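Bear in mind that the values in this text are calculations on the coordinates, not laboratory data. Please read all numbers here as calculations on a predicted model, not as lab measurements. Methodologically, a virtual Cβ is constructed for each residue, glycine included, from the backbone with ideal geometry; neighbour enumeration extends over all protein chains shown.
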Amino acid sequence: MTLDRVLPLDGVHNFRDCGGYAVSGGGRLRRGVLWRSGQHHGATDSDLVKIAALGLASVFDLRSSKERDSHPCRRPQGFEVKVFCGEDPVRRHAPHIAAAQTPRERTAQTTHESLVRNYRAICFRPELQAMIGRYLAHLSEGHGPSLVNCMAGKDRTGIAVAMLHLAVGVHRDDVMEDYLLTNTAGDSEARIAAGAETIRAVAGQLDDAVLRVLMGVQPEYLETALEAVEEHHGSVDTYLEEALGLDAVTRDRLRAELLEG
């Protein structure tokens with residue numbers, strides 16, 4: 001199932017189905033309705049044909065306006081899908097871009113440490129909380145297949161999908177498995193090269209080892225984010241309600257819309 005959930009595209013990276021996981025209490029997430037990816041700026045014509053065939057009803061673009069303006073998404077011809085965009089953050093860069101700009105000497109180790117620090121705060125970014133809450137509420141209303149994306153489809157998107165999975169009862173081991181698929185989904189070298197171009201445009205020249213850390217994910221990152229949530233809110237369930245507005249009724253609707261079997 002790990003391999004068949006990845007949609008092979010040439011110019012859009014980390015595009016995959018994040019459904020199919022078993023949930024507590026029985027059943028599993030439906031396939032073909034929950035998609036995640038990086039940005040679509042480099043989409044080829046053949047990519048657009050494949051994306052159009054998914055029948056998307058909504059797109060949640062977690063990037064800032066600066067990111068959207070500098071790397072506008074290519075869309076299929078006749079694209080009429082509702083695209084949701086959030087408010088601009090106080091910190092305008094993606095977590096991996098922010099880590100690349102750390103003023104300390106950039107090594108693979110210091111870059112890893114910067115990403116861990118960014119993940120300790122990522123779940124408390126107001127603009128991201130608002131967009132994830134909106135994303136989950138929208139999914140609970142049963143509008144049809146949806147895509148969530150950011151620049152690389154790994155940090156902000158990774159948190160959004162993790163919260164979706166936890167909200168419906170996916171086991172934490174599977175939440176982590178889906179998060180870590182970024183490292184192996186599709187053409188990893190092409191994904192790293194595409195990310196390197198964007199990172200170097202903002203942060204200057206970086207060596208290959210640093211770039212590979214910036215473009216990858218590690219269990220420690222997500223674990224750090226969830227630990228911070230539990231420290232601040234007591235539990236992920238409380239965070240879902242207090243920070244994302246996902247009350248018990250909405251969670252029940254979410255499960256009713258997205259689960260099968």
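Over all directions, average the projected area of the Cα convex hull of the range 1-68 and note it in nm².
For the Cα atoms of the range 1-68, the hull's average projected area reads 5.6 nm².
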| Full-extension gain in nm, Arg134 to Asp174, via 0.36 nm per residue minus C-alpha separation | 12.1 nm
| task | Run down the aspartates and glutamates and flag those whose C-alpha is under 20 Å from the C-alpha of Lys66, throwing out any fewer than 8 positions away in its chain. | result | Glu87, Asp88, Glu127, Asp155, Glu197
| request: List the relative contact order of the chain as a percent without decimals, with contacts defined as Cα pairs under 8 Å and 6+ residues apart. | output: 27
| message | If you take every DSSP beta bridge fully contained in the chain, what fraction is antiparallel? Give it as a percent rounded to 5. | response | 35
| query | Using just the C-alpha positions of the chain as equal point scatterers, what log10 of I(q)/I(0) does the Debye formula give at each q in 0.08, 0.10, 0.16 1/Å? | reply | -0.28, -0.45, -1.25
| Proximal aspartates and glutamates to Lys50, defined as alpha-carbon separation beneath 12 angstrom and excluding residues fewer than eight positions away on the same chain | Asp10
| said: Just to confirm the filter: which GluC sites (Glu not before Pro) across the range 3-90 are DSSP coil and have at most 12 other Cβ within 10 angstrom of their Cβ? | reply: Glu80, Glu87
| request: Would you calculate, for the chain, the mean residue ellipticity at 222 nm contributed by helices, counting each DSSP H stretch of 4 or more residues as -39,500 (n - 2.57) and dividing by all residues, to the nearest 500? | output: -14500 deg cm²/dmol
| query | Which of Pro89, Pro219, Pro145 moves the most in a Gaussian network model of the chain with Cα springs under 10 Å? | reply | Pro219
| message | What is the sum of charges, Lys and Arg at +1 and Asp and Glu at -1, for the other residues whose Cβ falls under 13 Å from the Cβ of Val116? | response | -3
| said: I need two numbers for the range 101-232: Rg to one decimal and Dmax as a whole number, Cα atoms only, in Å. | reply: 15.4, 48
| remark: Connecting every pair of Cα atoms under 10 Å apart in the chain and solving the GNM, the largest mean-square fluctuation among Gly26, Gly142, Gly195 falls on Gly26
| query | What residue among His13, His71, His40 shows peak mean-square fluctuation when the chain is described by a Gaussian network model with Cα springs under 10 Å? | reply | His71
